[in-house]
Structure formats: C-alpha cells, structure tokens
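First comes the structure, then the notes that go with it.
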Amino acid sequence: MRALVIDRTGGPEELHLTDLPLPVAVSDELLVRVVAAGINPIDAKTRAGSGAAAAIGGYPVVLGNDFSGIVVRAPYDTFPLQPGDAVYGMARTPRIAGTYAEYVTVSSLSVAKKPAAVSHTEAAGIPLAAMTAWGMVTLAQAAPGQRMLVHAGSGGVGHFAVQFARHFGAHVIATGSTASVEFLHRLGAHEVIDYSTTRFDAELRDIDSVIDLIGNVHDQTGTRSLTVLRPGGLLVNAPTGSWPSMQQEAAAAGVRATGYKVPADARVLDAITALIDNGTVRVNIDQVFDLADGAAAHRALEGGHTRGKIVLRVSDAEQDAAGTSDPEAAAAGQAESAA
Ligand SMILES: NC(=O)c1ccc[n+]([C@@H]2O[C@H](COP(=O)([O-])OP(=O)(O)OC[C@H]3O[C@@H](n4cnc5c(N)ncnc54)[C@H](OP(=O)(O)O)[C@@H]3O)[C@@H](O)[C@H]2O)c1
C-alpha cells in the first residue's frame with residue numbers, strides 16, 4: 001500500500017511516500033481502507049520528536065490518528081460494521097501504524113459508522129478533535145447557568161468545544177484572533193474576545209470553567225486563565241506536559257486544574273455522529289492536501305492558525321465504495337491460482 005512515513009524524527013520534510021505491506025488485523029481489529037486522514041497537532045509533535053515519539057518502536061513510522069474510510073475486513077460475521085460500510089474513527093499511532101496510508105487496522109472499540117451527512121473528507125476531521133472537545137466540555141460540566149471560556153475556539157478542538165458547550169446549555173466565551181471573530185460567533189459563541197486587541201484577563205471574572213487549548217505555550221494564557229475563574233472553578237488543559245507548574249499555580253490561586261487525554265471511544269463518537277447528522281454540530285475543513293503533500297499539510301498546521309481542521313486526501317471514495325474486496329484475500333487467491 002501507499003503510505004506517508006518518516007524514517008526519523010525531524011521537520012515536515014521528513015514525511016515521504018513509500019510502499020509498505022498491508023497492516024495485519026488481529027483479534028478484534030478491523031482492516032479499513034482509508035479515504036481521508038485528519039491531521040492533528042500530536043502528529044506534528046510526534047514527527048518532530050516530542051508528542052508520542054517516545055513510543056516509536058522502529059522505522060518507518062506511519063503517523064496519523066484520524067481516518068474516514070471503508071471497512072475491508074470485520075473481526076467476525078455479526079460485528080455491526082461489515083465490509084463496504086463507511087466508518088470513521090481514531091487509530092493509535094505510533095503503537096500501531098497510523099492513518100496516513102491506504103489501509104489501517106483499528107480496534108473495534110475505536111471505530112464508528114461515518115455520519116451520513118458529511119463526506120469522508122469532512123468525517124476525517126472529526127474523531128480526535130471532537131472526542132477531545134467532548135471529553136473536556138463534559139469534564140467541565142457544561143450546563144445552563146455555567147460560564148465557560150474556550151481558548152483557541154476556532155481551532156480543531158476548539159470549534160467543537162464551542163459547539164458542544166453551547167449544545168449543553170453553557171454561556172460560551174471564546175478567544176481567537178481578529179480573523180476568527182466572525183467564525184466564532186457563527187459557531188454559537190455568546191461572547192468573543194479578540195486576543196490580538198484585548199487581554200481576556202482584564203475583561204473576565206467568576207468564570208466557572210476554562211477549556212484551555214493553549215496553556216502557557218503562548219502569552220502565559222494558562223496562568224492568566226487561573227485569575228478569571230471563580231473560587232473553586234476548573235481549568236481543563238489539553239496541551240498536557242507543556243505547563244509543569246499548573247497544579248501548584250492553580251492551588252495557589254484557589255482554583256482547580258486538570259489535564260485531559262482523549263481516549264479513542266466509539267461510544268462517544270456515536271453520540272457525536274448523531275449531533276453531526278441532525279445538524280446540531282458541524283465540522284469546518286480549512287484545507288485539504290493530497291497524501292503526497294503531507295509535508296505542506298504539516299507546515300500549514302504548525303502555522304498555528306488552522307480554522308477547524310486540515311485533512312489529507314488518501315484515496316478515491318467512489319472507487320472505495322464500489323471496490324471493497326479484501327486485498328489480502330485477493331493476494332492469497334492470486335497465490336493459490338499461481339500454485
Ligand atoms: N491531550 C489531548 O488528548 C489532546 C487532544 C487534542 C489536542 N490536544 C492539544 O490541544 C492543543 C490544541 O489542539 P487543536 O487541534 O485545537 O490545535 P489547532 O487546530 O492547531 O489550533 C489552532 C487554533 O489556535 C488558535 N490560537 C492560536 N494562538 C492562540 C491564542 N494565543 N489564543 C487563542 N487562540 C489561539 C488559532 O486561532 P487564530 O487563528 O484566531 O489565532 C487557531 O484557530 C494542541 O496543543 C494539541 O496538541 C491535546
């Protein structure tokens with residue numbers, strides 16, 4: 001199969017196309033033909049040598065967690081998702097090969113039916129970011145009467161967090177640059193703070209919770225966020241590990257703080273699918289790149305101003321919908337007829 005790989009950690013230029021053997025599905029895993037692969041900051045961090053790079057067991061490594069595609073092989077006959085079904089979900093690179101490739105194997109616990117309302121390209125932008133947003137917003141108990149501040153509300157995780165928090169009835173305040181203000185209002189934010197002109201900590205007090213997608217990576221955003229929380233309020237931080245003194249600072253400020261790490265949970269994805277299909281929540285695709293242009297896609301992501309998601313086009317959806325034959329079985333058949 002065609003795959004975009006790295007042979008060592010480094011810059012975006014390390015990403016290159018190669019041919020790899022098909023991944024082998026074992027146990028409860030499905031083999032899925034990937035139509036589109038979403039890109040997430042963790043992919044770029046791992047490529048650069050941080051992120052999940054410590055788990056790299058050998059090269060070449062196929063990066064990518066998010067996929068949308070077609071089931072080629074199901075784990076057993078009565079499994080609800082069968083060959084030919086359109087699915088999406090989240091893989092676990094680098095423990096197993098990732099989604100920047102024509103095929104991926106994925107645990108049955110991490111794959112769900114693709115929302116019918118969106119294309120594979122759109123669906124590939126949903127899993128990791130939307131499940132993270134769901135987890136953070138529910139951990140922070142978004143509900144009517146709650147005032148929730150969402151930093152980076154226009155990014156991959158943030159644009160889902162704004163919509164979920166609003167859906168759960170919270171009063172949503174989002175931060176973004178001038179260019180993102182209108183987008184954030186369209187997503188449903190009740191208030192938008194333009195971080196390029198306004199210090200959010202000069203404007204806000206008694207916030208119940210902060211969805212912190214920045215931490216102290218930019219402009220002490222995390223530390224400044226602790227000052228806007230009500231006593232006992234909660235900050236939920238996603239760029240975990242980048243703000244080592246978070247707990248001590250939160251305790252000193254009389255508030256609570258926690259990291260969050262997203263599990264690849266198909267039950268959550270099913271709930272998100274329902275909201276996508278009934279039009280309550282939408283995914284915004286900022287840019288689409290061909291698999292071969294993965295380096296350019298990583299550069300775009302690392303620019304830090306993605307509006308929603310960046311997605312890689314891996315293969316042709318129409319071709320996949322028609323041709324769902326199992327390539328391993330086809331290869332075995334050819335070997336048999338040759339024997
Ligand atoms: N722990 C986990 O399980 C987990 C899961 C997912 C993500 N994460 C982490 O969470 C972070 C966000 O991920 P993501 O996918 O949402 O990233 P992303 O899509 O790359 O975020 C880009 C967004 O950040 C906004 N932004 C940049 N600087 C900002 C600032 N100073 N204040 C407010 N907004 C700012 C940009 O808005 P403008 O263009 O308007 O500036 C842009 O829309 C990353 O560090 C990622 O690794 C962790």
Inset, instruction - Having 2 or more residues that are farther than 30 Å from Leu30 by Cβ and at pLDDT 95 or above is the bar; report the strands (runs of 3 or more DSSP E) wholly within the stretch 90-185 that clear it. - result: 147-150, 171-176
Legend entry - Scope the stretch 191-218; condition in contact with a Lys or Arg (Cβ under 9 Å, 6 or more places away or on another chain), in contact (Cβ under 8 Å) with a residue 24 or more places away in the chain and within 10 Å of the ligand (Cβ to nearest atom); matching residues: Phe200
Inset, instruction - Run Asp270 past the list (1) without any contact (Cβ under 8 Å) to a residue 40 or more places away in the chain; (2) more than 16 Å from the ligand (Cβ to nearest atom); (3) open to solvent by 70 Å² or more (accessible area, probe 1.4 Å); (4) closer than 21 Å to Thr138 by Cβ and report the number of the one that doesn't hold. - result: (1)
Inset, instruction - Looking only at the stretch 133-145, decide whether some residue is touching a Gly at 6+ places or on another chain (Cβ under 6 Å), of a type in the set (A, V, I, L, M) and open to solvent by less than 10 Å² (accessible area, probe 1.4 Å). - result: no
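Any residue at all in the stretch 117-133 that is over 16 Å from the mean Cα position of the chain (by Cα) and not β-branched (Val, Ile, Thr)?
yes
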Inset, instruction - Name the one entry in Asp66, Asp77, Asp43 that is over 19 Å from Gly303 (Cα atoms) and buried (at least 24 other Cβ atoms within 10 Å of the Cβ). - result: Asp66
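How many of the residues making up the stretch 43-66 are within 16 Å of the ligand (Cβ to nearest atom) and touching a residue at least 40 places away in the same chain (Cβ under 8 Å)?
12
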Inset, instruction - Go through (1) open to solvent by less than 50 Å² (accessible area, probe 1.4 Å); (2) more than 22 Å from the chain's Cα centre (by Cα); (3) not aromatic (Phe, Trp, Tyr) and name the single condition Asn237 misses. - result: (2)
Inset, instruction - Taking the options Gly232, Gly241, name whichever one is out of contact with any Leu (no Cβ under 9 Å at 6 or more places or on another chain), touching a residue at least 24 places away in the same chain (Cβ under 8 Å) and at positive phi. - result: Gly232
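The values are calculated or read from the model by the stated rules, or taken from the named source; none is laboratory data. Just so it is clear, the structure is predicted and the values come from calculations on it, not from any experiment. Counting neighbours? That spans all protein chains shown, and the Cβs are built from the backbone with ideal geometry, glycine included. In case anyone asks, the SASA skips ligands and DNA or RNA and just uses the protein heavy atoms, side chains included. Shrake-Rupley method; radii C 1.70, N 1.55, O 1.52, S 1.80 Å.
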